Amino acid sequence: MLFRSEVLEKQVALKRVRADVVGGANALTALRSEVLLAQKVTHVNVCRIYDLEPVGDDWVIKMEVVGGRSLGDILRETPRLPIERALAIARQLARGLAAVHAVGIVHRDLKPQNVLVDDGGRAVLMDFGIARDGAPIDDTEPSQILGTPEYMAPEQSRGEAVDGRTDLYALGCVLYRMVAGSAPFPAATRVVAMARHLTDPPPNARAQRPETPAWLAALIRQLMAKRAADRPRDALTVAARLNGPPPRWPRLAARAGAALVIAAFAAAAIAGWRAHLRDRWQPDVVELPSEYDTDSFASLPSPDGQRIAFD
């Protein structure tokens, strides 16, 4: 819903957060904290958060108005996006996540429906309604696990502590959805979807779309690793890797250059060692007078036994 804010002197979007979704007092405190942190994020790929206000028993978040359509709507019309377009959206989401993570926020609900794409191709991360500080779920709060099972990391499904790598798992799921044309683990129910994320190995996008670059399929599998420690370390690393591997010729040239440098050092070392040996030892050549009456083609010792003569 759109609303004209007289305080901000601009039109803002309103998102209602139901009290039963927020949870108990601890969750409400976390939500307030997240909104305060989110106000600090000013990034082109993140929707600005302005304020949080109570409305009856619920809460309303005031947000930036962003044009465009949700990525979910786009994928319903075009299940498989062109590879370059999918990469462009994923790079923007990775940069937006980096800005969010920099202030200590874990989004926890990255999915196509929470991404807006405008006519210029700008992708904007939306909906911080369930974002948290990454702490484990409090057993005194309602037992429901917040998030969307089709895009939820294993540690989040188990109610464990989360960090930025939890959002990277969801980014891998979204990227797979854009490339392969379906959710990574299709399931009839939320419970089955969560179970598959916990147990099934990360899917290979090339199995669904053979023209997918091998490096991209490998990156998606790494993003969807079961253990957070096996995923890329941060969102900026992912954004850089989404540019693809470096061109082959520069890599070959670099290897050839390294080989030439090593060969040059080896040649210099050998030449230096030979010079060192020449400096340490020089043969003592002495012409000896003939002391024998007969010719010989063999070596003979001198009478004092100190030299050998050859004829």
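The values are calculated or read from the model by the stated rules, or taken from the named source; none is laboratory data. The model shown is predicted, which means the values in this text are computed figures rather than measured ones. Don't worry about glycine lacking a Cβ; one is built from the backbone with ideal geometry, like all the others, and counts go over all protein chains shown. Just the protein is used for accessible areas: all its heavy atoms, side chains included, with ligands, DNA and RNA removed. Shrake-Rupley method; radii C 1.70, N 1.55, O 1.52, S 1.80 Å.
Worth a mention:
- Boolean, residue 170 is open to solvent by 20 Å² or more (accessible area, probe 1.4 Å) and among the aliphatic types (A, V, I, L, M): no
- Residues in the stretch 45-73 that are of a type in the set (Val, Ile, Thr) and open to solvent by 50 Å² or more (accessible area, probe 1.4 Å): 55, 65.
- Test: residue in the stretch 2-17 that is at pLDDT below 65 and part of a helix (DSSP H, G or I): no
- Scope the stretch 89-110; condition part of a helix (DSSP H, G or I) and surrounded by fewer than 17 Cβ atoms within 10 Å (Cβ to Cβ); matching residues: 102
- Taking the criterion of being among the charged types (D, E, K, R), more than 20 Å from residue 157 (Cα to Cα) and surrounded by 12 or more Cβ atoms within 10 Å (Cβ to Cβ), the residues of the stretch 184-220 that qualify are 206, 209.
- Of the helices (runs of 4 or more DSSP H) contained entirely in the stretch 141-205, those carrying at least 3 residues that are at pLDDT below 95 fall at 190-199.
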